[in-house]
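Chemist: Once you've had a glance at the structure underneath, I'll fire off some questions.
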């Protein structure tokens, strides 16, 4: 059985002190860590501070970067390498988030290069995939998502898949208050798992966690998590409040 994972993506919202305050508030919440895994993705400036706070208090909570460079080192002003991320104490990176695809025009080829760079440097990966409203209305949502999965994991060896999580985030539901129905989300999640089975075999596919992302809130998380192929949530705005995020984490309590 796949253990649920609730991951908070703080995006570009908190400075270093605010990030430290938020993680301290989160760590004061009573959580049964045998039932759920937790992760947070602060900004680059706050990675080390958040990781140090978590580790110093003895908690097993994942810390993720929100992006990495495909380059290892060199004259790439403003870029952050996988090794730099690791040196902060982080263990994960989010790759291919819809905002990176839409705003920064990252292609599937570039996203694949980032996935492989992360895995090559022993970082775990949360690979984000999802369709736009136009693609959903054109009835190509599933085709779009499965193409993104296939391209994102192109060239990834089967033995590296234990470090990969998929996050399905319908673009039209991110930050809009709209959420795919549990049935709609489950249909895409099941299709992703079937696609992973074709790529890597059923044993690997059944171990990969597939998260849902898109306006996840305390009042809809339980209905989503009841579905067979929904293994957790990638949470945006709701992860910026410790009390609200705590309710999401404790969805099964």
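The values are calculated or read from the model by the stated rules, or taken from the named source; none is laboratory data. Given the structure is predicted, the values throughout are model-derived calculations rather than measurements. Reconstructed Cβ throughout: ideal geometry from the backbone, glycine too, with neighbour counts over all protein chains shown.
Chemist: From the set of residues in the range 1-17 that are in contact (Cβ under 8 Å) with a residue 24 or more places away in the chain and farther than 17 Å from residue 93 by Cβ, which is nearest to the chain's Cα centre (by Cα)?
Modeler: 6
Chemist: Output yes when any residue across the range 83-93 is farther than 23 Å from residue 247 by Cβ, exposed (fewer than 14 other Cβ atoms within 10 Å of the Cβ) and either at pLDDT below 95 or in contact with a strand residue (DSSP E or B) (Cβ under 7 Å, 6 or more places away or on another chain) (or both), and no when none is.
Modeler: Within the range 83-93 (the criterion being farther than 23 Å from residue 247 by Cβ, exposed (fewer than 14 other Cβ atoms within 10 Å of the Cβ) and either at pLDDT below 95 or in contact with a strand residue (DSSP E or B) (Cβ under 7 Å, 6 or more places away or on another chain) (or both)), the answer is no, since none of the residues qualifies.
Chemist: How many residues does the range 139-187 hold that are surrounded by 22 or more Cβ atoms within 10 Å (Cβ to Cβ), modelled with pLDDT of 95 or more and over 16 Å from the mean Cα position of the chain (by Cα)?
Modeler: Count: 0.
Chemist: Of (1) free of Cβ contacts under 8 Å to residues at least 60 places away in the same chain; (2) part of a loop (DSSP other than H, G, I, E, B), residue 35 satisfies all except one. Which?
Modeler: Looking at each condition in turn, residue 35 falls short on (1).
Chemist: Here is a further query. Given 85, 40, which one is under 19 Å from residue 211 (Cβ atoms) and not in a loop (DSSP other than H, G, I, E, B)?
Modeler: 40
Chemist: If you go through the range 31-39 one residue at a time, do you hit one that is over 19 Å from the mean Cα position of the chain (by Cα) and surrounded by 16 or more Cβ atoms within 10 Å (Cβ to Cβ)?
Modeler: Yes - at least one qualifying residue is present in the range 31-39.
Chemist: With the structure loaded, tell me whether residue 251 is buried (at least 19 other Cβ atoms within 10 Å of the Cβ), over 22 Å from residue 118 (Cα atoms) and modelled with pLDDT of 95 or more or whether it fails that test.
Modeler: No; evaluated as a whole, the condition is false for this residue.
Chemist: Among (1) surrounded by 14 or more Cβ atoms within 10 Å (Cβ to Cβ); (2) in a loop (DSSP other than H, G, I, E, B), where does residue 73 come up short?
Modeler: That leaves (1) as the condition not met.
Chemist: Still on this structure: So which residues in the range 111-132 are more than 24 Å from residue 232 (Cα to Cα) and surrounded by fewer than 16 Cβ atoms within 10 Å (Cβ to Cβ)?
Modeler: 120
Chemist: Can you name every residue in the range 192-205 that is more than 18 Å from the chain's Cα centre (by Cα) and in contact (Cβ under 8 Å) with a residue 24 or more places away in the chain?
Modeler: Listed by number, the residues that qualify are 195, 199, 200, 201, 204.
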